[in-house]
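Since every read-out is calculated from the coordinates, none of them should be taken as a lab result. The model shown is predicted, which means the values in this text are computed figures rather than measured ones. Virtual Cβ from ideal backbone geometry, glycine too; neighbours counted across all protein chains shown.
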Amino acid sequence: MDSLNTLWLSTGLANFELGQVIMMLVGCGLLYLSIARKFEPLLLLPMGFGAILTNIPAAGFSEVGGLLHYIYYAGIDTGIFPLIIFMGVGAMTDFSALIANPKTLLLGAAAQFGIFATLFGAIALNYVPGIEFTLKDASAIAIIGGADGPTAIFLASKLAPELLGAIAVAAYSYMALVPIIQPPIMRALTTEDERKIEMAQLRPVTKIEKVIFPLGVLMMTIFFLPSATPLVGMFCLGNLMRESGVVDRLSTTAQNELINITTIFLGLGVGSKLSSEAFLNVETLGILALGAVAFSIGTASGVLMAKTMNKLSNEQINPLIGAAGVSAVPMAARVANKVGLEANPHNFLLMHAMGPNVAGVLGSAVAAGILLALVGG
Amino acid sequence: MDNMQQHFIEAGTLMLAGMVFVFAFLGILIFFINTVLARLAIRFPDPIVTPTTRINKKNKSANANSGDISPQVVAAIGGAIKRYRTEHGQT
């Protein structure tokens, strides 16, 4: 009878707590979003599964000695996984559109207002009972507005590791929702005529420009913002591997096998942070709400900046490309292209929107560096 | 409450400093692209090579797109021209 009792006590059924069951359902929700709705499946699938694993009672996945514990501490706590992913993103990024039209960097900069405005929102949420965000927490939440998954995870792991699960879920969910969140804001802030604007064709960019560009960006980061060099440095390394043309094997590995392997572990590691104690609270709701606000403000400020530039500059600029300033490569650029095509079927904005789009990646990495330098110390 | 006010002031400073820095950083990058990169592009005659390779690439892709039909089309056109010429010559 004793052994039967011991056996019963070692089953999941005997040990389940309500929080664990709810978190497993959250994990299943993430699996549903990734499989049925195709929301950022590359990350949400392992993340959802990680959430289920970490909440299994008596299995100890996230305790010392458990698999997810080591994955988290080896790759996310150290910041290694998001940085390797950033290198892969660098190897996938083509800066031609940006180099051909450098003014679009201003759009990438403007869209970062979403990050800094959300800081205020996060601090204001402290008025809600049950929520207590420090400036570090607020900064880590605000970076969701950068619409850049690896950057958000990197910064959250440095500034607010206890909020990492909720921040990563919010960042990736909203990135998947870009085609739903952005178009109404873009239409509301632009006139029909502005959306119809066709832009001049971009000039061809030479190879030497593309090779020197990542080195120049790295040099500037070294001079002005060393705290951003982990992100920007890995990004530039990936991009240099791509553009130099002499290490195609490394470039291919960085943008395929390496980034894929890392994504599996990053997803699992983030999933391990989705435990009931860390996730089931009012703060998570606050983070989810702030994430949507951050995205919307980023989109709006990018569009408004593009409108202003269109009025001030001799060259015509379609304000829709401003929305692509919120990184989320290449989804945001595709959205700008799609909304442009609705207004004018002959208007192909994709290449023009890629400029602010990759500028947004640089912009959010710079913003993350600033937050690290000012708040992280 | 004082604490909250302090937080708001800090957040405001952070926002101001952050936005100024992001614009300054990316502004310098624009300057870098417009001066250094533009000059490099002019000095090194890469751009002359680029259009020709582009045209080649386009031709290649056009061939690739049409696949196996392409040689047949060429042959058909060639045949038509030949026939036209001979017919034209005869009349």
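The table below lists the values:
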quantity	calculated
Nearest-0.05 FRET efficiency for A:Glu132 and B:Ser70, computed from C-beta distance (R0 51 Å)	0.15
Rg and Dmax of chain A, Cα atoms only, in Å	21.6, 87
Dipole axis of the protein assembly as shown (+1 Lys, Arg; -1 Asp, Glu on Cβ), positive-most option in A:Val232, B:Ala17, A:Ile370	A:Val232
Max mean-square fluctuation residue, GNM over chain A, Cα-Cα springs under 10 Å, options A:Val169, A:Val21, A:Val339	A:Val21
³J(HN,Hα) computed for each position of the stretch A:63-75 - Karplus, 6.51 cos²θ - 1.76 cosθ + 1.60, integer Hz, glycine/proline x	9, 4, x, x, 4, 5, 4, 5, 4, 4, 6, 6, x
Separation of alpha-carbon centers, the stretch A:303-377 and the stretch A:120-154, rounded to whole Å	23 Å
Candidates A:Asn357, A:Asn55, A:Asn126: whichever shows maximal mean-square fluctuation once chain A is modelled as a Gaussian network with Cα springs under 10 Å	A:Asn126
Whole-angstrom gap from the stretch A:165-203 to the stretch A:58-81, using each part's C-alpha centre	36 Å
HN-Hα J in Hz across the stretch A:268-283 - Karplus 6.51, -1.76, 1.60, θ = phi - 60°, x for Gly and Pro	4, x, 5, x, 5, 8, 8, 8, 4, 5, 7, 9, 7, 8, 5, 4
Residue order, fewest to most beta carbons within 10 Å, for B:Phe8, A:Phe113, A:Phe86, A:Phe61	B:Phe8, A:Phe61, A:Phe113, A:Phe86
A:Cys28, A:Cys236 arranged by Cβ crowding within 10 Å, fewest neighbours leading	A:Cys28, A:Cys236
For the stretch A:32-146, radius of gyration divided by Kirkwood radius, i.e. Rg to Rh on alpha-carbons	1.06
Fewest-first ranking of A:Val303, A:Val178, A:Val128, using other Cβ atoms within 10 Å as the exposure measure	A:Val128, A:Val178, A:Val303
Net dipole in debye of the stretch A:78-375 [+1 Lys, Arg Cβ; -1 Asp, Glu Cβ; about Cα centre; nearest 20]	440 debye
Unsatisfied cross-links (Cα-Cα over 19 Å) in the set A:Lys196/A:Lys311; A:Lys207/A:Lys338; A:Lys210/A:Lys338; A:Lys103/A:Lys210	A:Lys207/A:Lys338; A:Lys210/A:Lys338
